[in-house]
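Undergrad: My structure is below; once you've seen it, I'll send some questions.
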Amino acid sequence: MKIAPPKISYDPQSRILSIKLSRAASVDSDVHGSVVVDYDAHGVPVRLDIMDCSLDEFRRTAPVRQRIRVHRRRMRARHVA
């Protein structure tokens, strides 16, 4: 399975930065401050929404973004092996 690059969009009216990581359906979400992480049925992150996004807010999401990178590496390793 080939993993597609993330799709990034920004709505300046609502100040929401959305990063779509997968085409899979979201079945669960976690809220971490102003960040919402959507997960598929297997617990893999499929979307990341950053509310009221500014450069400072984006910097504070570093721990969440790191978890997503680790998850994606693990998924790639499973599909390559």
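Undergrad: Enumerate the calculated ³J(HN,Hα) couplings along the range 39-46 in order (Karplus 6.51 cos²θ - 1.76 cosθ + 1.60, θ = phi - 60°), each rounded to whole Hz, writing x wherever the residue is Gly or Pro.
TA: In residue order, the calculated couplings are 10, 7, 5, 9, x, 8, x, 10 Hz.
Undergrad: Average projected area of the Cα convex hull of the range 24-71, in nm²?
TA: Computed as one quarter of the Cα hull surface, the answer is 3.2 nm².
Undergrad: What does the extension gain come out to for Ala62 and Arg78, with contour length at 0.36 nm per residue minus their alpha carbon separation? Mind showing how you got there, number by number?
TA: Numbers: separation 16, 0.36 × 16 = 5.76 nm, distance 2.45 nm.
Roughly 3.3 nm would be gained on extension.
Undergrad: What is the spin-label model distance, in nm, from Val44 to Val27 if the labels are put 7 Å beyond Cα along the C-beta direction?
TA: The modelled label-to-label distance comes out at 1.3 nm.
Undergrad: Taking Cα atoms, how many degrees apart are the long axis of helix 62-80 and the longest axis of the chain, rounded to 10 and kept between 0 and 90?
TA: Helix 62-80 sits roughly 20 degrees off the main axis of the chain.
Undergrad: Separate question: Which of the following values of mean projected area of the Cα convex hull in nm² was calculated from the structure shown: (i) 6.0; (ii) 4.6; (iii) 5.3?
TA: Label of the calculated value: (iii).
Taken together, the values in this text are just the output of simple stated rules run on the coordinates, not laboratory data. Since the model is a prediction, treat every value here as computed from it, not as a measurement. Glycine also receives a Cβ, built like all others from the backbone with ideal geometry; neighbour counts cover every protein chain displayed.
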